[in-house]
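Computed from the coordinates by the stated procedures, all read-outs in this text should not be read as laboratory data. Please read these numbers as outputs of a predicted model, since none were measured by experiment. With ideal geometry, Cβ positions are generated from the backbone for all residues, glycine too; neighbour counts draw on all protein chains shown.
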Amino acid sequence: MSLLRIENLSKEYQMGDNVLRALDGVNLGIERGDYVAITGTSGSGKSTMLNILGCLDRPSSGRYILNQKDVSQMDPDELAEIRNREIGFIFQSFNLLPRASALDNVVQPLIYQHLPRQERLRRATEALQHVGLGARLDHLPNQLSGGQRQRVAIARALVTKPSILLADEPTGNLDSRTTIEIMRLFDDLHAEHQTIIIVTHEAEIARHCHRIVRLEDGRVAEDRRNRELA
Ligand SMILES: Nc1ncnc2c1ncn2[C@@H]1O[C@H](COP(=O)(O)OP(=O)(O)OP(=O)(O)O)[C@@H](O)[C@H]1O
Ligand SMILES: [Mg+2]
C-alpha cells in the first residue's frame, strides 16, 4: 500500500482568457521510506506539485490519496489539520519567524497539538539536538548561519514526526560546502526510514536520492531508480 498516490492530477491557472496548465495528468505513487528527487527545468511544475503533495494547495482535478485518505476533496480546515499531522515542509528561504529563538520556531507546529508545555519544549529540544543544534536553542535566526537556519527549519519540519518530509530547493540559498552538509543530513534521515521528497534542478542534489522523477511541461517525463546507488 503506497504512502501516497496521485492519479490523473492536474492544476490549472486561469490567466485572463488563457488557461495555464501547470500540471497535466500526473500519476505517481510514493512508498514509505522512499527518497525521491523531483527534477525538471524552471516552470515544469515542480513547486506546484510539491505544494499539492504538502496540502498547501489543491489540484484542479484528479485524486490525491495520502495514507488512504482522499485529500483532494478536503476543505481548507481539514487540509490544515492533515498538513500539521502528516507533512513536514522545508522551503528554500527557511521561512523562520525572525523574532523567535530556534527553540520557539521548532515548538511552533506543536502548539496545535494538545501537549503539555514541558513536553512541547522537550520534543523541540530533541529535534534541534537531532540536527546538531543542541547548543543553539536560544539563538535568533539572524544569529545563525544559513546552514544552521535550514537545520532549524528541518527540526521544525520533523518535530511533529510527519509521515513525509517535503523540501523545495532546500539548498538553493546555501554555498556548496553547506549544501553537502544539509544533503548528508537528509541522507541520515532517510537511513532512519524517513520518507523524503526533494525538489531540485541540480543533478548534484538529485544524486543523493534513490529515485528521480523528472517533470516536463507538467507531466512525468521520466521516473527511474538512481543507478549510481544501485
Ligand atoms: N499562482 C500561479 N498563477 C499562475 N500561474 C502559475 C502560478 N504558480 C505557478 N504558475 C505557473 O505554473 C508553471 C509551473 O510553475 P512552478 O512554480 O510549479 O514551476 P517550477 O518547476 O517549480 O519552476 P522553478 O524551477 O523555476 O521553481 C509555470 O509556468 C508558472 O508560471
Ligand atoms: Mg519551483
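For this structure, a couple of remarks:
- For the pair Arg122 and Ala191 in one chain, pulling the backbone fully straight at 0.36 nm per residue adds 22.5 nm over the alpha carbon distance.
- Summarising the strand pairing of region 154-230, around 60 percent of its internal DSSP beta bridges are antiparallel.
- Percentage, to the nearest whole number, of Cα pairs in region 46-94 over 15 Å apart: 40 percent
- Here, region 1-136 is characterised by an Rg to Rh ratio of 1.02, where Rg is the alpha-carbon radius of gyration and Rh the Kirkwood radius.
- Cα gyration tensor category, rounded, prolate or oblate, for the chain with a/c compared to 1.5: prolate
- Label point 7 Å beyond Cα of His139 along Cβ direction - residues of region 78-107 with amide nitrogen under 17 Å: 94-107
- Against the main long axis of the alpha-carbon atoms of the chain, helix 146-158 sits at an angle near 80°.
- Estimated [θ] at 222 nm from DSSP helical runs (n ≥ 4, -39500 (n - 2.57)) normalised by residues in the chain, nearest 500: -9500 deg cm²/dmol
- Taking every alpha-carbon pair within region 95-192, the share separated by more than 24 Å comes to 16 percent.
- Considering only beta bridges that DSSP places wholly inside region 100-230, some 60 percent are antiparallel.
- Cα centroid separation, region 192-230 to region 97-176 (Å): 25 Å
- Here the calculated FRET efficiency for Arg207 and Glu31, from their Cβ-Cβ distance with R0 = 25 Å, stands at 0.80, rounded to the nearest 0.05.
- Extended-chain gain in nm, criterion 0.36 nm per residue less alpha-carbon gap, Asn18 and Arg227: 71.2 nm
- Principal-axis tilt of helix 117-130 within the chain, Cα atoms, nearest 10 degrees: 80 degrees
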